[in-house]
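To start, the structure itself, in structure tokens.
The values are calculated or read from the model by the stated rules, or taken from the named source; none is laboratory data. Everything numeric in this text was worked out from a predicted model, so none of it was measured. With ideal geometry, Cβ positions are generated from the backbone for all residues, glycine too; neighbour counts draw on all protein chains shown.
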Amino acid sequence: MRRLLLIPLLLVPLVGGPAAPTLASSTGPTATGYGGAVTSVDPTATAVGLDVLRRGGNAVDAAVAVAATLGVTEPFSAGIGGGGFFVYYDARSGKVSTLDGRETAPQSMTSTAFVDPATGQPYAFQEARVSGISAGVPGTLATWDTALRRWGKRSLATNLRPASEVARRGFTVDQTFATQVSDNKSAFAQFTPTAALFLPGGQPPAVGSTLRNPDLAATYDLVARRGIDAFYGGEVGRDIVTAVQHPPVAANPSVPWQYQIRPGGMTLADLRAYEVRRPEPTHMVYRGYDVYGMATPSSGGSTVGEALNILERSDLGRLDGTQALHRYLEASALAFADRNRYVGDYTPRPLLESLLTNDFAASRACRIDPLHAATKPVPPGVPGASCATTAGGATADFGKSTTNLTVADKWGNVVEYTLTIEQIGGNGIVVPGRGFLLNNELTDFNFTNTQAPADDPNLPAPGKRPRSSMAPTIVLQHGRPFLALGSPGGSTIITTVLQILINRIDLGMTLPQALAAPRATQRNTAAVVAEPAFISGPGVALGTLGHTFTPMAEIGAATAIEFLPRGKLLACAEPVRRGTGSAGTVH
Ligand code: GLU
């Protein structure tokens, strides 16, 4: 999304080897080639990843280097103040593994943390977001460290170096960056370090200007020297805790803020206790492809998988386009009803897996009427029952933060990684002197019970991780990679991944076409949220079946790699959304 910059960065050796000026061949949203591939939203990050691959790093090294660079150039979507989910295909063992680096609630968190004690009512979203309460213990640095120790070839220090260089030398501000600051101006203005970094002179940085972040460069360098303990309990950790417990509010903010800014309860002990989990991926088979996704606390793997399982009961490729999309929308609504009812951090694994069984899919698919869209919200199903339902409600968030990257190396290893600080701009608090924003991930908990009279699986609790929709997905065919993909977009992530999969597998599209196609998202809400081109295109015929639409300018910002015969790679990013992404191959 940002124009390529910092040529000097790429003249220095990033991971050893000769200092060849290997300015990456990544310039556009689609690339075909050999020897490894990288795709992300940002050309600088993609160039860094390709350079790591060219210099002998593997997919995990490159993924960490890309993610660290995105922490500089995409600081409002992701960074070391946040968390994410890392999915890895290991070519040697043929196994897919996952890392859960989700932010975690501090021990002080209660189930009513987002209810105002003065009124008994839940806080307004922005009041909850821009606070210390919303910040979960970050998992991103621990994820990088764990991934590199298990599967990388290079150290964390080596893989942080390119990003540190970008932060120190600066990068060119583009329209997306300036708009994201502008959209957050009042929140950012409330905090002295945030305003100093992102509102120079009280205004968003000008498009075309150079933004430097020496504090973040120094933080990366400190972690490179001392390891992640500097963060999880050391001096960076102390600064995080101080910022959460005593938000660095500006004495005279240049823009007003209508809410009280509330402190949170994260402690150094919470940071010290942080653990990256290694859950088994979710797995299901769709038309002969093995689809691996992220298990709880993400609902990505189970919801994409359940919807695919429902859709497998229709021959989408032979139906006319309207019927295929009708079933996509209805299957998605059904899967979201079940997600909302059953999926949270503490969902027992057998229950999660029961949502992915063929029997359960059959009991849900029978509720799709080919001639009429169901009235939404549809109630959740009951695993083990036939075509039965229980009562329940629905919620749908409209996030559009987060970032996604896909990397493959010459050995055949693949990384699909989605990382986030939740809203664009996280909780708005830059940790003083450290150059990164904190997340507001804990607002992904439901503030009050959405499933009454049943229990809500996604209420806050001490040490719990909020439910996510991030859905990094790796698809194998006969045990070999076929496709790796993921996207940002809050709960629309699930439908974006689902829609790309059926576009590619069932509806005869190439991968670039599958990403470019207009998107629609039905998350069990009265109206389908859809891009204008979807509403004026297939939406017209879908309207005759009873679907109604609410426009949204754009949905998601996917990246994907398809593995073609004889080692050829097709790397894709968005051709238009989020200012276009950047894909490249090693050669
Ligand atoms: N917090 C969201 C999640 O984990 C992602 C935020 C977004 O993509 O907007 O599902």
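Answer yes or no: is there a residue in the stretch 529-539 that is within 14 Å of the ligand (Cβ to nearest atom) and either in a strand (DSSP E or B) or crowded, with 21+ Cβ neighbours inside 10 Å (or both). Yes, the stretch 529-539 contains a residue that is within 14 Å of the ligand (Cβ to nearest atom) and either in a strand (DSSP E or B) or crowded, with 21+ Cβ neighbours inside 10 Å (or both). There is no residue in the stretch 308-327 that is of a type in the set (Ser, Thr, Tyr), surrounded by 20 or more Cβ atoms within 10 Å (Cβ to Cβ) and part of a helix (DSSP H, G or I). On the basis of being touching a helix residue (DSSP H, G or I) at 6+ places or on another chain (Cβ under 7 Å) and at pLDDT 95 or above, does Thr69 make the cut? In short, yes. Within the set of pairs 6+ apart or on separate chains, which have a first residue in the stretch 423-437 that is in contact (Cβ under 8 Å) with a residue 12 or more places away in the chain and within 20 Å of Ala163 (Cα to Cα), a second that is more than 16 Å from the ligand (Cβ to nearest atom) and charged (D, E, K, R), and C-beta atoms under 8 Å apart? Taking only residues 6 or more apart or on different chains, the pairs are Val431/Asp239; Pro432/Asp239; Gly433/Asp215; Gly433/Asp239; Arg434/Asp215; Arg434/Asp239; Gly435/Asp215.
Between Asn449, Asn503, which is away from the ligand (no atom under 15 Å from the Cβ), of a type in the set (S, T, N, Q) and touching a helix residue (DSSP H, G or I) at 6+ places or on another chain (Cβ under 7 Å)?
Values: Asn449 fails: touching a helix residue (DSSP H, G or I) at 6+ places or on another chain (Cβ under 7 Å).
It is Asn503.
Out of Ser164, Ser97, Ser134, one residue alone is part of a loop (DSSP other than H, G, I, E, B), touching a helix residue (DSSP H, G or I) at 6+ places or on another chain (Cβ under 9 Å) and of a type in the set (Ser, Thr, Tyr). It is Ser134.
Just so you know, in the stretch 247-303 the residues that are β-branched (Val, Ile, Thr) and within 30 Å of Gln126 (Cβ to Cβ) include one that is surrounded by the fewest Cβ atoms within 10 Å (Cβ to Cβ), and it is Val249.
Restricting to the stretch 416-446, and then to whatever is within 14 Å of the ligand (Cβ to nearest atom) and of a type in the set (Phe, Trp, Tyr), can you tell me which residue is nearest to Leu405 (Cα to Cα)?
Filtering the stretch 416-446 for residues within 14 Å of the ligand (Cβ to nearest atom) gives 417-427, 437-446.
Within this subset, residues satisfying the condition of being of a type in the set (Phe, Trp, Tyr) are 417, 445.
Working: Tyr417: 5, Phe445: 25 Å.
Selected residue: Tyr417.
Of all residue pairs spaced 6 or more apart or on separate chains, none has beta-carbon atoms under 8 Å together with a first member in the stretch 178-194 that is closer than 14 Å to Ser401 by Cβ and a second member that is among the acidic types (Asp, Glu).
Of the residues in the stretch 216-229, at least one is of a type in the set (S, T, N, Q), under 30 Å from Thr179 (Cβ atoms) and at pLDDT 95 or above. Listed by first and then second residue, the pairs linking a residue in the stretch 551-568 that is farther than 20 Å from Ser77 by Cβ to a residue that is of a type in the set (D, E, K, R), with Cβ atoms under 8 Å apart and 6 or more places separating them unless they lie on different chains, are Pro551/Glu531; Glu562/Arg504; Phe563/Arg480.
Of the residues in the stretch 314-330, not one is of a type outside the set (A, V, I, L, M), within 16 Å of the ligand (Cβ to nearest atom) and in contact (Cβ under 8 Å) with a residue 12 or more places away in the chain. Condition (residue is within 13 Å of the ligand (Cβ to nearest atom) and surrounded by fewer than 24 Cβ atoms within 10 Å (Cβ to Cβ)) applied to the stretch 470-490: is it met by at least one residue? Taking every residue of the stretch 470-490 in turn, none turns out to be within 13 Å of the ligand (Cβ to nearest atom) and surrounded by fewer than 24 Cβ atoms within 10 Å (Cβ to Cβ). Scanning the stretch 65-111 for residues that are over 15 Å from the mean Cα position of the chain (by Cα) and among the aliphatic types (A, V, I, L, M) yields a total of 6. For the stretch 333-373, filtering for residues that are over 19 Å from Glu312 (Cα atoms) and in a loop (DSSP other than H, G, I, E, B) leaves 6. Scanning the stretch 210-265 for residues that are under 16 Å from Val137 (Cβ atoms) and not in a helix (DSSP H, G or I) yields Phe231, Tyr232, Gly233, Gly234, Pro263, Gly264, Gly265. Scanning the stretch 123-151 for residues that are out of contact with any Gly (no Cβ under 8 Å at 6 or more places or on another chain) and buried (at least 24 other Cβ atoms within 10 Å of the Cβ), which turns out nearest to Pro106 (Cα to Cα)? Checking each candidate, the answer is Val137. What pairs can you find where one residue is in the stretch 461-475 and on the phi > 0 side of the Ramachandran plot, the other is surrounded by fewer than 24 Cβ atoms within 10 Å (Cβ to Cβ) and assigned to a loop (DSSP other than H, G, I, E, B), and their Cβ atoms are less than 7 Å apart, with a gap of 6+ or different chains? Close Cβ pairs satisfying both conditions: Gly463/Gln107.
A Cβ distance below 7 Å, combined with a sequence gap of six or more or placement on separate chains, defines the contacts here; from the stretch 399-421, residues that are in contact (Cβ under 8 Å) with a residue 12 or more places away in the chain and among the basic types (Lys, Arg) reach residues that are away from the ligand (no atom under 14 Å from the Cβ) and not in a loop (DSSP other than H, G, I, E, B) in the pairs Lys410/Gly36.
Residues Pro138, Pro117: which one is closer than 30 Å to Ala269 by Cα and free of Cβ contacts under 8 Å to residues at least 24 places away in the same chain?
Working: Pro138 fails: free of Cβ contacts under 8 Å to residues at least 24 places away in the same chain.
Only one candidate qualifies: Pro117.
Checking each residue in the stretch 342-362 for being under 24 Å from Thr450 (Cα atoms) and either basic (Lys, Arg) or touching a Pro at 6+ places or on another chain (Cβ under 8 Å) (or both) picks out Tyr342, Val343, Gly344, Asp345, Tyr346, Thr347, Arg349, Leu351, Ser354, Leu355, Phe360. Of the set (1) surrounded by 24 or more Cβ atoms within 10 Å (Cβ to Cβ); (2) in a loop (DSSP other than H, G, I, E, B), all apply to Met109 but (1).
Mind checking whether some residue in the stretch 106-128 is in contact with a helix residue (DSSP H, G or I) (Cβ under 7 Å, 6 or more places away or on another chain) and among the acidic types (Asp, Glu)? No; the residues of the stretch 106-128 include none that is in contact with a helix residue (DSSP H, G or I) (Cβ under 7 Å, 6 or more places away or on another chain) and among the acidic types (Asp, Glu). The residues of the stretch 382-415 that are within 15 Å of the ligand (Cβ to nearest atom) and either of a type outside the set (Lys, Arg) or at pLDDT 80 or above (or both), listed by number, are Thr395, Ala396, Asp397, Phe398, Gly399, Ser401, Thr402, Thr403, Asn404, Leu405. For the condition away from the ligand (no atom under 16 Å from the Cβ) and either in contact with a His (Cβ under 6 Å, 6 or more places away or on another chain) or part of a loop (DSSP other than H, G, I, E, B) (or both), Gly120 qualifies.
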